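Below you'll find the structure, written out as structure tokens, and then a few comments.
The values are calculated or read from the model by the stated rules, or taken from the named source; none is laboratory data. Because the structure is predicted, anything quoted here is derived from the model rather than measured. Here the Cβ is made from the backbone with ideal geometry for all residues, glycine too, and neighbour counts use every protein chain on show.
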Amino acid sequence: MEQQLKQLEQEALAKIEVASNLKELNEVRVAYLGKKGPITDLLKGMGKLSPEERPKMGALVNTVRENVTEKLEQKVAQLEELAIQEQLEKEAIDVTLPGRPVRIGNRHPLTRVVEEIEDLFIAMGYEVAEGPEVEKDYFNFEALNLPKGHPARDMQDTFYITEETLLRTHTSPVQARTMLEKNGEPFRIICPGKVFRRDNDDATHSHQFMQIEGLVVGENIRMSDLKGTLNTMAKKMFGEEREIRLRPSFFPFTEPSVEMDISCFKCGGSGCNVCKHTGWIEILGAGMVHPNVLEMGGYDPKKYSGFAFGMGVERIAMLKYGVEDIRHFYTNDNRFVSQFHRTEG
Ligand SMILES: [Zn+2]
């Protein structure tokens, strides 16, 4: 009988071991531990045993039942754990998937040119000054020696908000504002910004563009100071071999006024399509600050003098990077802007 029990126990444990789901386990439970199972049968047969053997067998039957029950419970727990694992794996989010690349922008070529010029002039002791794009007629024209009805106003027609308020046509009103702000003290400023003209857009014209200009006011500021400053800038922006040339010109706010050309950086002066076969490229306008402008800004023209220069940022960028159409700067096309990645110094 003892042997029978041992054998039943082995069988039950083996079947539990190979069971692969809860249903099979339940079948094993019913088959071995149920009221009609062989272990129960054995218990019923205990009456035939001698009184000495009975407790021994009773204990043995209990041990077998306990062993089988324990094994069953372990297996149930194991299968349940497995089921949870499977479900978790099925529902899991794979966080190791690589993310989608974010397209990183690029500094706009106009920003690049402005920053390059700013850096150069900051190194020479200039401050960066800015002013409003919606400007008073007074600061845009009158304070710069362009009274109402002055014929030079025709070259700078703009968008009017009211009779006295307009979109500035140049960055020069910042000059007038700064002079009032500095209250008679000498200063050096560089002012970048957007300006506007009533112009029809084409490959070289835009109703909105950028200028950057400089102004120095102090005692004993001379034309030679202007020339030296422009020479330094031309070499820095377009290469050490560049030469500059000043030609007489007219601006209402400077006297005398000049246009500055640089020797062609493409052909070196022998003539090509960039310099229109002249060997020179026009870059900017400049001059000595007109005494009327100094006076309106609160500076005594007998004691103070100054120079100013201004250039179109688009023109510089077009020359520097070989851009053929000014409108490319405003189309917001990343294919255009991303081309300037590798030119980053
Ligand atoms: Zn050339």
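Okay, here's what the table says:
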{"item": "Test: residue in region 185-198 that is of a type in the set (Phe, Trp, Tyr) and touching an Asp or Glu at 6+ places or on another chain (Cβ under 6 Å)", "result": "no"}
{"item": "Inter-residue pairs, beta-carbon under 9 Å, first at positive phi and in region 177-188, second surrounded by 19 or more Cβ atoms within 10 Å (Cβ to Cβ) and among the aromatic types (Phe, Trp, Tyr), 6+ apart", "result": "Gly184/Tyr299; Gly184/Tyr304"}
{"item": "Some residue of region 312-332 being assigned to a loop (DSSP other than H, G, I, E, B), surrounded by 20 or more Cβ atoms within 10 Å (Cβ to Cβ) and either assigned by TED's automatic domain parsing to the domain that holds Ala152 or more than 16 Å from the ligand (Cβ to nearest atom) (or both)", "result": "no"}
{"item": "Where Arg335 falls short, out of the listed (1) crowded, with 21+ Cβ neighbours inside 10 Å; (2) at pLDDT below 90", "result": "(1)"}
{"item": "Residue ID - farthest from the ligand (Cβ to nearest atom), chosen from residues in region 245-279 that are outside any loop (DSSP other than H, G, I, E, B), surrounded by 19 or more Cβ atoms within 10 Å (Cβ to Cβ) and not small (Gly, Ala, Ser)", "result": "Thr254"}
